1. For region 24-167, what is one quarter of the convex hull surface built on the Cα atoms, given in nm²?
2. If I take every Cα pair under 8 Å that is 6 or more residues apart in region 97-167, average their sequence separation and divide by the length, what percent do I get for the relative contact order?
3. Return the long-range amide H neighbours of residue 95 (sequence gap of 5 or more, or a different chain), with a cut-off of under 5 Å between placed amide H atoms.
4. Where in region 24-57 does the label zone of residue 94 land, with the point 7 angstrom along Cα→C-beta and an amide N cut-off under 12 Å?
5. So how do 158, 107, 62 line up by other beta-carbon neighbours within 10 Å, fewest first?
6. Based on the Cα atoms of region 20-92, what semi-axes does the equivalent ellipsoid have, where each is the square root of 5 times one gyration tensor eigenvalue, given in whole Å with the largest first?
7. Under 5 Å between amide H atoms, partner at least 5 residues away or on a different chain: which partners does residue 23 have, H built in plane at 1.01 Å?
8. Once you order the gyration tensor axes a ≥ b ≥ c over the Cα atoms, which shape class does region 105-160 get: rounded for a/c under 1.5, otherwise prolate or oblate by comparing a/b with b/c?
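Each value in this text was obtained by applying a stated rule to the coordinates, not by laboratory testing. A quick note: this is a predicted structure, and the numbers were derived from the prediction, not measured. Don't worry about glycine lacking a Cβ; one is built from the backbone with ideal geometry, like all the others, and counts go over all protein chains shown.
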Amino acid sequence: MRSLSRRTLLFGRAVSVPVAAAFRPPWARPESGFANACTRCDACVRACPQQVLVRDADGLPHFDAQAGECTFCGDCAAACDSDAFLPTLDPPWTLSARVADTCLSAHGVVCASCREVCPTTAIRVPPAARGAAVVDAEACTGCGACVAICPAGAISLHHARATEAIA
């Protein structure tokens, strides 16, 4: 594990977080359907009040958890004039948080940043830093609130389960 100074822990990003695969906005069609339907107009990106949607290299919108949390307000899907979104999907996506072994609590450092910001209380941190934070996959919405706040960069989002193909 990388050594962290107290100042870095409190005021700055301790580690660089690798860029994950592009996660499409909530309620987006599965990848191939989304890419074909999206007109790359940026209406969904502009409509996002949290500003967590950005364009990737191909001009398609994706969710950037390093920018903040998705509140599932639905503004992105409502702003889209194409057929790229399926607002009736429940849940809106299959993302869920995972905690890596670089979690500070796993190394005896008292930290509960992720638990404190989780809007669904899906994260549990063992008392007295006796193990890594644990994510309740059933309660986690994949909103990303815990990702950027983690001083060790130990939390990432992953697809919890495969999505069904939607024409």
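1. Over every viewing direction, the Cα hull of region 24-167 projects on average to 8.5 nm².
2. On the way: 125 pairs, mean separation 27.6, N = 71.
So the answer I get is 39 percent.
3. Under 5 Å from the amide H of residue 95: 160.
4. 30-31
5. Numbers: 158 13, 107 16, 62 19.
Going from least to most buried by this count: 158, 107, 62.
6. Values: eigenvalues 48, 40, 28 Å².
Whole-Å semi-axes of the equivalent ellipsoid: 16, 14, 12.
7. Distant-sequence amide H within range of residue 23: 63.
8. Working: a/c = 1.82, a/b = 1.54, b/c = 1.18.
Prolate is the answer for region 105-160, as a/c is 1.5 or above and a/b outweighs b/c.
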